[in-house]
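Report on the following structure.
The values are calculated or read from the model by the stated rules, or taken from the named source; none is laboratory data. As the structure is a prediction and not an experimental result, all values here were calculated from the model. Because the Cβ atoms are built from the backbone with ideal geometry, glycine has one as well, and the counts that use them run over all protein chains shown. With ligands, DNA and RNA removed, areas are computed over all heavy atoms of the protein, side chains included. Shrake-Rupley method; radii C 1.70, N 1.55, O 1.52, S 1.80 Å.
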Amino acid sequence: MAAPLPRPYAGAMLFSRTKLDLPAPDRALPGRDAYPFVVPETHYVNGNRIVPPFPSGLATAVFGLGCFWGAERIFWQIPGVWSTAVGYAGGYTPHPTYEEVCSGRTGHTEAVLVVFDPERVSYEQLLAAFWEGHDPTQGMRQGNDVGTQYRSAAYWADDAQRALLEASRDAYSARLTAAGYPAITTELAPAGPFYYAEPYHQQYLARNKNGYCGIGGTGVKLGDPSSSVDAPACQTGLDV
């Protein structure tokens, strides 16, 4: 598989500021009390809401698997997913901007908020798409995208999600080890604030047909094929 091209926005200036260590909370950027932009309310692809309130009976999940442009598309393609949005999770700075997150001084990772109907798609199926859609052994990077904002992460919404997430991590770790991969480095934690990214990032690959997509998995499956969903990741940096 050809190596993905570097993300166009992450040019020399941003790579020179890349941090591979998370900041201490007291050294993180201060942020702000509100968004410095207007968060769109609806999904560009399906027209459903990407901000609360969501219809009764839906559930949410938050995943980080590298560049959120391609990561988001993995999930919006899954039947039973009601909407998706990209943003920043797992950090300290309130309402950060993309430039601040890329500086490595907010503690956030690029993340996807997945709103789904548990009657149509299970959390376990979303976990299969998450683990299989990226390489969770790469630490503070994903392919050519380097920095704490590209780290693998999953944040649970409740105890039930936590149990399933941790069990899936252990199962996938065993399969990766058998395939010769190093240990999983994915951050697992309770869901904290999810800060929406700027409007131009939302459903980016639907708006930009030739946009960069650096998502690619290991080829290792989580388990029984029936637990997987048909949501292929990018195969090259320009496969959109």
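Think of it as helices only: each DSSP H run of n ≥ 4 in the chain is worth -39500 (n - 2.57), and spread over all residues that comes to -6000 deg cm²/dmol at 222 nm. From the Cα gyration tensor of the stretch 137-185, with a ≥ b ≥ c the square roots of its eigenvalues, which class applies: rounded if a/c is under 1.5, or else prolate if a/b is larger than b/c, or else oblate? Cα axes put the stretch 137-185 in the oblate bin. What shape does the stretch 34-138 have by the C-alpha gyration tensor, where a ≥ b ≥ c are the square roots of the eigenvalues, rounded means a/c under 1.5, and otherwise prolate means a/b greater than b/c and oblate the rest? Verdict is oblate for the stretch 34-138.
Backbone phi angles across the stretch 48-54, fed through the Karplus curve with coefficients 6.51, -1.76 and 1.60 (θ = phi - 60°), yield HN-Hα couplings of 6, 5, 10, 10, x, x, 9 Hz in residue order; Gly and Pro are listed as x.
Summing charges over neighbours of Arg32, with a neighbour being any other residue whose Cβ is under 15 Å away from its Cβ, gives -3 when K and R count +1 and D and E count -1.
For the chain, the relative contact order works out to 29 percent when only alpha carbon pairs closer than 8 Å and six or more residues apart are counted. Per-residue surface analysis assigns Lys19 an accessible area of about 90 Å², computed on protein heavy atoms at 1.4 Å probe radius. Site pair Asp33 and Asp170 shows an inter-label distance of 4.6 nm when each label is modelled 7 Å from Cα along Cα→Cβ. A protection proxy built from the mean count of other Cβ atoms within 10 Å ranks the segments 30-38, 161-169, 145-153, 212-220, most packed first, as 145-153, 212-220, 161-169, 30-38. Less than 5 angstrom separates the built amide H of Gly223 from none of the residues sequence-distant by 5 or more or on a different chain. For Asp158, neighbours were defined as the other residues whose beta-carbon sits under 15 Å from its Cβ, and their charges (Lys and Arg +1, Asp and Glu -1) total -2. Length gained on full extension, Ser56 to Thr177, computed as 0.36 nm times the residue gap minus the Cα-Cα distance: 39.5 nm.
In a simple Cβ point-charge model (Lys, Arg +1; Asp, Glu -1; nothing else charged), the stretch 88-217 has a dipole of about 300 debye relative to its Cα centre. Taking every protein chain into account, the accessible area of the stretch 65-193 amounts to 33 square angstrom per residue (probe 1.4 Å). Subtracting the Cα-Cα distance of Leu20 and Glu187 from 0.36 nm times their residue separation leaves 58.7 nm of extension gain.
The overall shape of the stretch 60-193 is oblate: from the C-alpha gyration tensor, with semi-axes ordered a ≥ b ≥ c, the ratio a/c is 1.5 or greater and a/b is no larger than b/c. The packing ranking, built from the mean of other Cβ atoms within 10 Å per residue, places the peptides 63-74, 173-184 in the order 63-74, 173-184, highest first.
The alpha-carbon atoms of the chain, seen along their principal axes, cover 44, 43, 37 angstrom, with the largest extent given first. Among beta bridges from DSSP that stay inside the chain, the antiparallel ones total about 85%.
Couplings 3J(HN,Hα) of the stretch 163-180, computed from phi: 4, 5, 5, 5, 5, 5, 4, 5, 5, 6, 4, 5, 5, 5, 4, 5, 8, x Hz, in residue order, whole Hz [Karplus 6.51 cos²θ - 1.76 cosθ + 1.60, θ = phi - 60°; x for Gly and Pro].
Computed 3J(HN,Hα) for the stretch 75-88, one whole-Hz value per residue from the Karplus formula 6.51 cos²θ - 1.76 cosθ + 1.60 where θ = phi - 60°, is 7, 5, 7, 7, x, x, 7, 7, 7, 9, 8, 10, x, 10, glycine and proline marked x. Where in the stretch 83-125 does the amide nitrogen come within less than 12 Å of the point 7 Å from the Cα of Asp158, taken along Cα to Cβ? Zone members listed by number: 118.
The stretch 53-125 and the stretch 130-173 have Cα centres spaced 12 Å apart.
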